[in-house]
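Please read the structure below before turning to the comments.
The values are calculated or read from the model by the stated rules, or taken from the named source; none is laboratory data. Just so you know, these numbers come straight off a predicted model, no measurement behind them. With ideal geometry, Cβ positions are generated from the backbone for all residues, glycine too; neighbour counts draw on all protein chains shown. Accessible surface areas use protein heavy atoms only, side chains included; no ligands, DNA or RNA. Shrake-Rupley method; radii C 1.70, N 1.55, O 1.52, S 1.80 Å.
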Amino acid sequence: MAFGPHLLLAALEGLVSAAVLALTALGLSLVFGIMRIVNVAHGEFFMLGAVIAWFVSTVFGGHPALGFVAALIVSPLVVGAIALIAERLVLRRLNYDPEATIVATIGMLYVIQQLALTFYGPEARPVEAPFTYRVLLPWFGYSGYKLAVVGASIVVLLATWFLLTRTRIGLLMRATQYDRETAQAFAIPVDRVYAGVFALGAMLAAIAAVLIVPISQAHYLMGLDPLLLSFIVVIIGGLGSLSGTVVAALVIGLGDGIISAFFQPTLAKIIATLLVALVLVFRPQGLFGRATR
């Protein structure tokens, strides 16, 4: 394949990765930015979304689209409910202490992972894509489903933006983010806001997992890479910044796709790590974050 078509193919693959990464990282960024806690178990919510999607898709017979649509509805709701229970039973009892919640979410990571291993098993299992249409480009045919993943991610990102910036719920989230004590003084139910944010973050990760699982199979250890990449995106983009998350995800996703295609995948990881180091040194609040006053 010539250089131009090869570059286009690598960019398309990177764009798909960036779209899924943006959803996953946005969930982590919201929890990190509003609740001020590091959710180390975020990757396991991603994994749960994929595993539950497999379970749901196997229940529905007939056309694969039926099982996929059902999984896209059921999986985020189940994962969000699990996150609500975890927030109430664990994080709230720790009063959202940053150090204690790191240890607690590490424990949640291993509990969720081992439960998935027990009930799901160690095998990697595929979920059939809802359709197999291929878009014919001048040089090659490309998966229509992968392009649909990009479109679906954009829709979810826009819906999240609308929720955060144009609704009363988003106003309460932003008020809690800026000053928790003042928000409590104005009778804002901070605990409920935190529970909703934690559930929303987990649901975004689950949606990303359902979208990507027809491309990469569901496995009980699949949460590690999304977690690490999400932390990289959050650090580069800035805490709680939707625009920063999207831009950083595009940079990391496209860079990984293009560099991996022409060089080595390890080089892409090295460059991403170097970029994180530069951001931490010269702009610790992230490219789009606000410095703490």
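Which residues, taken from the range 241-251, are assigned to a helix (DSSP H, G or I) and either open to solvent by less than 20 Å² (accessible area, probe 1.4 Å) or touching a Ser or Thr at 6+ places or on another chain (Cβ under 6 Å) (or both)?
If the condition is that a residue be assigned to a helix (DSSP H, G or I) and either open to solvent by less than 20 Å² (accessible area, probe 1.4 Å) or touching a Ser or Thr at 6+ places or on another chain (Cβ under 6 Å) (or both), then Gly244, Thr245, Ala248, Ala249 are the ones that fit.
Of Leu89, Leu72, which residue is of a type outside the set (Val, Ile, Thr) and without any contact (Cβ under 8 Å) to a residue 24 or more places away in the chain? Show your work before the answer.
Values: Leu72 fails: without any contact (Cβ under 8 Å) to a residue 24 or more places away in the chain.
When all the criteria are applied, what remains is Leu89.
Can you tell which of Gly286, Gly244 is closer than 30 Å to His6 by Cα and small (Gly, Ala, Ser)?
Just one listed residue meets the conditions, Gly244.
Residues are listed down the side, and each one gets a yes or a no for (1) part of a loop (DSSP other than H, G, I, E, B); (2) of a type in the set (Phe, Trp, Tyr); (3) at pLDDT 90 or above; (4) open to solvent by less than 10 Å² (accessible area, probe 1.4 Å):
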site: Ala187; (1), (2), (3), (4): yes, no, no, no
site: Ala205; (1), (2), (3), (4): no, no, yes, yes
site: Ala208; (1), (2), (3), (4): no, no, yes, yes
site: Met222; (1), (2), (3), (4): yes, no, yes, no
site: Asp256; (1), (2), (3), (4): no, no, no, no
site: Val276; (1), (2), (3), (4): no, no, no, no
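Considering Ala272, Ala261, which residue is touching a helix residue (DSSP H, G or I) at 6+ places or on another chain (Cβ under 6 Å) and crowded, with 19+ Cβ neighbours inside 10 Å?
None of the others qualify; the one that does is Ala272.
Only one of (1) surrounded by 12 or more Cβ atoms within 10 Å (Cβ to Cβ); (2) in a loop (DSSP other than H, G, I, E, B); (3) at pLDDT below 90 fails for Thr132. Which number is that?
Just one mismatch for Thr132, condition (1).
Taking the stated definitions as given, is Glu13 within 20 Å of the chain's Cα centre (by Cα), closer than 25 Å to Val210 by Cβ, of a type in the set (Asp, Glu) and open to solvent by 50 Å² or more (accessible area, probe 1.4 Å)?
yes
Across the range 206-239, what is the total count of residues that are among the hydrophobic types (A, V, I, L, M, F, W, C), farther than 22 Å from Gln114 by Cα and touching a Lys or Arg at 6+ places or on another chain (Cβ under 8 Å)?
Qualifying residue count for the region: 1.
Please specify each residue of the range 92-123 satisfying the condition of being out of contact with any Phe, Trp or Tyr (no Cβ under 7 Å at 6 or more places or on another chain), touching a residue at least 60 places away in the same chain (Cβ under 8 Å) and not acidic (Asp, Glu).
Arg92, Pro98, Thr101, Ile102, Thr105, Ile106, Met108, Leu109, Ile112, Gly121
Somewhere in the range 125-146, is a residue closer than 20 Å to Ala195 by Cα and under 18 Å from the mean Cα position of the chain (by Cα)? Outline the logic, then answer.
Filtering the range 125-146 for residues closer than 20 Å to Ala195 by Cα gives none.
Checked the range 125-146: no residue is closer than 20 Å to Ala195 by Cα and under 18 Å from the mean Cα position of the chain (by Cα).
Here is a check on your reading of the model: is Ala183 more than 26 Å from the chain's Cα centre (by Cα), among the small types (Gly, Ala, Ser), part of a loop (DSSP other than H, G, I, E, B) and modelled with pLDDT under 95?
Considered against the rule, which asks whether it is more than 26 Å from the chain's Cα centre (by Cα), among the small types (Gly, Ala, Ser), part of a loop (DSSP other than H, G, I, E, B) and modelled with pLDDT under 95, Ala183 comes out as no.
If Phe3 satisfies every condition in (1) in contact (Cβ under 8 Å) with a residue 12 or more places away in the chain; (2) closer than 30 Å to Tyr145 by Cα but one, which is the exception?
With (1) in contact (Cβ under 8 Å) with a residue 12 or more places away in the chain; (2) closer than 30 Å to Tyr145 by Cα applied to Phe3, the lone miss is (1).
Conditions first: (1) of a type in the set (Gly, Ala, Ser); (2) touching a residue at least 12 places away in the same chain (Cβ under 8 Å); (3) on the phi > 0 side of the Ramachandran plot. Gly62 passes all but one, so which condition is the exception?
For Gly62, the exception is condition (2).
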